[in-house]
Amino acid sequence: MKTHIWAKAIVYFCFITFFIAFIISCNKTNDPEPEPYEPTPYEINIPYGFPTQLNIPDDNPMTVEGIELGRLLFYDGRLNGRTHPDSLMSCSTCHHQENSFEIGAPRPHPFGVTGNSTHHAMLPMINLVWNPGQFGWNGSVGSIEEDVLGVISDPAEFDSSPEKVVYTIKNISGYPELFQKAFGSPEVTVDRIAKAIAQFVRTLISANSKFDKYMIGEVQLSPEELRGFVLFTTEEGADCFHCHGGFGNPLFTTNKFYNNGKDSVFTDPYDRYFITGDPMEKGAYKATTLRNIELTGPYMHDGRFETLEEVIEFYSHDLINTPQIDPLMHHIANGGIQLTPSEKSDLMAFIKTLRDEGFLNNPEFSSPAEFP
């Protein structure tokens, strides 16, 4: 009798076990398979005459999904880890597309969410995919990714923390799905945020100015613009090309650092000397790109010049000779290049040919219509 009862119990137990396993199996079968991680590679189309060597880190390849996510984050005011309307701040708060992703006049020094001012005036966010890894006026930042991470904690910018930023972004419905598409999992990390924004920034390429069209034979420069071009590219003229490029350097910057004769005493603690410790680099700062330069004032590292006319006047007559002056400042003995009024006008006309309206109005660079 006991044997019969035990036999029935074993049969019943096996039946229940089989039934539960069957249900679990069915549920697994019905669960949707996660989408495979297959981001769409994005290839930068290198413009005519531009360098072929791009600075794209191996651990952050360009993808369509990463760029899309980066564009959203670039413009999202919640990026600083805050959600109150009075406390929002994003990259685009200071980097305005209409000013070549620079803040523009009349504010020489941007200030962050707390009202603190930055050390230096801004640099335009343009053609940075060709920067060899020396970002900022003194080259203190090694990559765009590093720059994003620095902005988050900087008291003069976001004045936040990686933890606050991650917590805010991951709790916004829609963002985890976008991180899944861009990076293979919905995990939101500050490194992924920096990488996505860096991917977007590397697409900000300007190569369609009037000068670019002239170089490929689409348009002609005016006589005034041509005279300015000759001045720009000759030592006996305005002698601009050594630091800002020309025929062989369409970036219109060497991305190098020069003491260009602005001061006799060097009081700024964040010049190139701060980075290298070389006393001959006191008062040295990056030669910024001249593309869209008419929109990126005020000028110099401290924003001391409000207009390009003032800049040209400085290089013409007001250079200051010191032991640290860069050897490329060939006209320093005369206090400047001594341009005549007509030459100044010609040089200005050429510089304005570097304005790229397509870049300034490219919808792929602008704020998205919707955010998560």
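The values are calculated or read from the model by the stated rules, or taken from the named source; none is laboratory data. All figures in this text were calculated on a predicted structure; none of them were measured in a lab. A quick note on method: Cβ atoms are made from the backbone with ideal geometry, for glycine too, and the neighbour counts reach across all protein chains shown.
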Here's a check for you: in the range 185-213, which residue that is hydrophobic (A, V, I, L, M, F, W, C) and outside any helix (DSSP H, G or I) is nearest to Val165 (Cα to Cα)? Val188
Would you check if there is a residue in the range 160-175 being crowded, with 21+ Cβ neighbours inside 10 Å and in a loop (DSSP other than H, G, I, E, B)? yes
Inspect the range 298-309 for any residue being over 24 Å from the mean Cα position of the chain (by Cα) and touching a residue at least 40 places away in the same chain (Cβ under 8 Å) and give the result as yes or no. no
Only one of Phe101, Phe74 is hydrophobic (A, V, I, L, M, F, W, C) and on the phi > 0 side of the Ramachandran plot, namely Phe101
Please work out if Ser117 is over 24 Å from Met62 (Cβ atoms) and among the small types (Gly, Ala, Ser). yes
Look through the range 214-239, keep the residues that are outside any helix (DSSP H, G or I), without any contact (Cβ under 8 Å) to a residue 60 or more places away in the chain and of a type outside the set (Ser, Thr, Tyr), and return whichever of them is surrounded by the fewest Cβ atoms within 10 Å (Cβ to Cβ). Gly217
Scanning the range 344-372 for residues that are among the aliphatic types (A, V, I, L, M) and surrounded by 14 or more Cβ atoms within 10 Å (Cβ to Cβ), the one nearest to the chain's Cα centre (by Cα) turns out to be Leu360
Among the small types (Gly, Ala, Ser) and over 29 Å from Phe50 (Cβ atoms): which single residue out of Gly245, Gly283 fits that description? Gly283
Of the residues that sit in the range 215-238 and are among the small types (Gly, Ala, Ser) and farther than 14 Å from His330 by Cα, which one is farthest from the chain's Cα centre (by Cα)? Ser222
Of everything in the range 317-343, what is surrounded by 14 or more Cβ atoms within 10 Å (Cβ to Cβ) and within 31 Å of the chain's Cα centre (by Cα)? Give them in sequence order. Leu319, Gln324, Ile325, Asp326, Leu328, Met329
Here is a list of conditions, (1) modelled with pLDDT of 95 or more; (2) in contact with a strand residue (DSSP E or B) (Cβ under 9 Å, 6 or more places away or on another chain); (3) aromatic (Phe, Trp, Tyr), and Tyr167 meets all of them except one; can you say which number that is? (2)
